[in-house]
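The values are calculated or read from the model by the stated rules, or taken from the named source; none is laboratory data. What you see is a predicted model; the values in this text were computed from it and never measured. Positions of Cβ are backbone-derived with ideal geometry, glycine not excepted, and every protein chain shown enters the neighbour counts. Ligands, DNA and RNA are excluded from the accessible area calculation, which covers all protein heavy atoms including side chains. Shrake-Rupley method; radii C 1.70, N 1.55, O 1.52, S 1.80 Å.
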Amino acid sequence: MKDLLQGGKFLLFDLASVLSFFLLFSLTHSITLAVIAGLALALAQIGLELLRRKPVDTLQWVSLVVVLASGAGTLHTSNPLYVMLQPTAIYLLVGLAMLRRGWMKRYLPPRALEYVPDLTIAFGYVWAGLMFLSAAINLGLALNLDAKSWSLAISAWGIGSKFGLFFVQYGAMKFTGRRRYRARLALA
C-alpha cells in the first residue's frame, strides 16, 4: 500500500497545476483565478525542483505549458467551446509525453523496477493510449453536448478511466511481481 501511495503522490505532484486549474475553473467559473493559481503552482513546483538541483519531469513541463496555453486561449476567446475542446489538446500532449519509453519509472518503487521492468514499459504505453482515447472521447463530447452535460460526462470519464487503469496496473504489477519473486526464491 505504501508503494501505491508513493506512486500516486508523484503523479499528483506532476499534474497538480493542471488539476488545480480545472478544479478551480469548474468550482468558481473564474478563468482568471484558475489561470493565476495554476501558473503559480506550476512555477513554484518547477522552481522548487530547480532549487533542489533535481531534474524537472516532462509531465511538470507539460502541466506548465497546458495551464499557460489553455488559460491564455480561454481568456482571449471567452468561448465555451474552446474551453470544452482544451482537454483534447491536453490529453494529446500528455499522451505524447507518455510515449517516452520508461517515463513511468519515476513513479514506481525500486522493487517494482527489479521484478516487473517490462510491465513498467508496457503500462507506460497503455497510459499513453488511454490519453489518446480520452482525447477522442472529449472531442466527441465537446462537439455534441452542451457545456453542463459535457462537464459531467468528461469529469466522470476522466476520473473513472484514470482510477480504473491505475488499479488494474497496480494489481497486474503486484500479482506478476510476487509471482516472479517466488520463482526466484524457488530457483535459489
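Here's a check for you: in the stretch 17-46, which residue that is in contact (Cβ under 8 Å) with a residue 24 or more places away in the chain and surrounded by fewer than 17 Cβ atoms within 10 Å (Cβ to Cβ) is farthest from the chain's Cα centre (by Cα)?
Among those that are in contact (Cβ under 8 Å) with a residue 24 or more places away in the chain and surrounded by fewer than 17 Cβ atoms within 10 Å (Cβ to Cβ), it is Thr32.
Just to check your reading of the model, which residue among Leu23, Leu39, Leu11 is in a helix (DSSP H, G or I), closer than 24 Å to Leu165 by Cβ and modelled with pLDDT of 75 or more?
Leu23
Report yes if Lys2 is out of contact with any helix residue (DSSP H, G or I) (no Cβ under 8 Å at 6 or more places or on another chain), more than 18 Å from Lys162 (Cβ to Cβ), loosely packed, with under 14 Cβ neighbours inside 10 Å and at pLDDT below 85, otherwise no.
Yes.
If you scan the stretch 55-91, which residues turn out to be part of a loop (DSSP other than H, G, I, E, B) and more than 26 Å from Trp157 (Cα to Cα)?
Listed by number, the residues that qualify are Pro55, Val56.
Under the condition of being modelled with pLDDT under 85 and of a type in the set (Val, Ile, Thr), which residue from the stretch 70-123 is most open to solvent (accessible area, probe 1.4 Å)?
Ranking the candidates gives Thr77 first.
Out of the residues in the stretch 109-164 meeting the condition of being in contact (Cβ under 8 Å) with a residue 60 or more places away in the chain and of a type in the set (S, T, N, Q), tell me which one is nearest to Pro80 (Cα to Cα).
It comes out as Ser151.
Which of the residues spanning the stretch 124-160 are among the β-branched types (Val, Ile, Thr) and modelled with pLDDT of 95 or more?
Scanning the stretch 124-160 gives Val126, Ile137.
Which numbered condition trips up Lys54, out of (1) surrounded by fewer than 17 Cβ atoms within 10 Å (Cβ to Cβ); (2) under 18 Å from Leu24 (Cα atoms); (3) not aliphatic (A, V, I, L, M)?
Failing condition for Lys54: (2).
Any residue in the stretch 47-54 that is hydrophobic (A, V, I, L, M, F, W, C), farther than 20 Å from Asn138 by Cα, part of a helix (DSSP H, G or I) and touching a residue at least 12 places away in the same chain (Cβ under 8 Å)?
Taking every residue of the stretch 47-54 in turn, none turns out to be hydrophobic (A, V, I, L, M, F, W, C), farther than 20 Å from Asn138 by Cα, part of a helix (DSSP H, G or I) and touching a residue at least 12 places away in the same chain (Cβ under 8 Å).
Step by step: first the residues of the stretch 148-174, then only those that are open to solvent by 50 Å² or more (accessible area, probe 1.4 Å) and farther than 28 Å from Lys105 by Cα, then the one that is nearest to the chain's Cα centre (by Cα). Which residue is that?
Leu152
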